[in-house]
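Working notes, beginning with the structure itself.
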Amino acid sequence: MAQRHKVTDFHGIIMYRKDYQERDLLVKMLTLEHGKKMFFVRGAKKRGFKLTGDILPFTYGHYVGDIREEGLSYVNASKATEHFSHISEDIFKNAYATYIMSLLDFAFPDSEPIPEWYDKLHAGMGLIDQGLDAAVIANIFEVQLLPVFGVQPELRGCVICGESKPPLDYSESYGGLLCPRHYHMDPRRLHLDQRTVFYLRQFSVLDLATLNSIAVKTETKKHLRRFLDQIYNDTVGVHPKSKRFIDQMNEWESPLTPDSD
Ligand SMILES: [Zn+2]
């Protein structure tokens, strides 16, 4: 039976690249039309390779290629590509952008079309590139990916009675918020401050495509980081290598950034 070849136009965002033999690269892209795909790019490391600029990290655009249902796909040409250049120039932006991509890589199988996540990734990378706080953008992805990882925290209101007015706290054993009348249900509730609860609830419903500014205090960012680390460690169980690098960066940074509130 003839193998099906599908030379087609597609939109893609470069997720990562891996050396493959001496002159070739494997390039993972999130495509709008076909989900995540691994591309074999022959001769990619040769000088003067025609697609060099189109397959750099943090590049996105309109490509032409042979999309295979199974195994490796091929990029033949690019029609128009752009580059998130501020991300590649900045070690912090780079680290958070890489972490977001590795979360998406863990969260979805290859070849499953996820156009809404293509749009989110494109928007999120654009925001980091424009200078919005990369740590907060990563938090938004972490919160919105929880249901994909099978954790559906109830953030609309108290899991027992539905009360949605603050104060509210988070209970890991109930997988959601508790109101003061039901705090006693979980003696190990997390005692989150209300600002952290506020942002968690906002992040879970926020549309990245319409976001244009965000300012979260240093102290609240630390609390969000601690909460999300706890959920990701205890419940999700996904630990990309890029996250360890972010943890190290935060350790270098912490003596220089006293709490602001
Ligand atoms: Zn309640």
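The values are calculated or read from the model by the stated rules, or taken from the named source; none is laboratory data. These numbers come from a predicted model, not from an experiment. With ideal geometry, Cβ positions are generated from the backbone for all residues, glycine too; neighbour counts draw on all protein chains shown. Each accessible area value is taken on the protein alone, full model and side chains, heavy atoms only, with ligands, DNA and RNA left out. Shrake-Rupley method; radii C 1.70, N 1.55, O 1.52, S 1.80 Å.
Among the small types (G, A, S), in contact with a Leu (Cβ under 6 Å, 6 or more places away or on another chain) and closer than 28 Å to I128 by Cβ: is that true of A44 in this structure?
yes
How many of the residues making up the stretch 147-180 are among the aliphatic types (A, V, I, L, M), more than 10 Å from the ligand (Cβ to nearest atom) and either open to solvent by 40 Å² or more (accessible area, probe 1.4 Å) or under 11 Å from the mean Cα position of the chain (by Cα) (or both)?
The total comes to 1.
Would you pick out the residues in the stretch 181-200 that are free of Cβ contacts under 8 Å to residues at least 40 places away in the same chain, in a loop (DSSP other than H, G, I, E, B) and either within 16 Å of the ligand (Cβ to nearest atom) or open to solvent by 70 Å² or more (accessible area, probe 1.4 Å) (or both)?
D186, P187, R188, R189, H191, L192
What are the residues in the stretch 167-188 that are of a type in the set (S, T, N, Q) and over 20 Å from Y199 (Cβ atoms), if any?
Selection gives S173 alone.
Looking for something over 19 Å from the mean Cα position of the chain (by Cα), exposed (fewer than 14 other Cβ atoms within 10 Å of the Cβ) and free of Cβ contacts under 8 Å to residues at least 12 places away in the same chain - is there at least one such residue anywhere in the stretch 72-87?
no
Note down all Cβ pairs under 8 Å where the first residue falls in the stretch 153-164 and is at negative phi and among the basic types (K, R), the second is part of a loop (DSSP other than H, G, I, E, B) and within 11 Å of the ligand (Cβ to nearest atom), and they're at least six residues apart or on different chains.
Matching pairs, first to second residue: R156/G162; R156/S164.
Within the stretch 55-71, how many residues turn out to be free of Cβ contacts under 8 Å to residues at least 60 places away in the same chain and open to solvent by 20 Å² or more (accessible area, probe 1.4 Å)?
Qualifying residue count, the stretch 55-71: 6.
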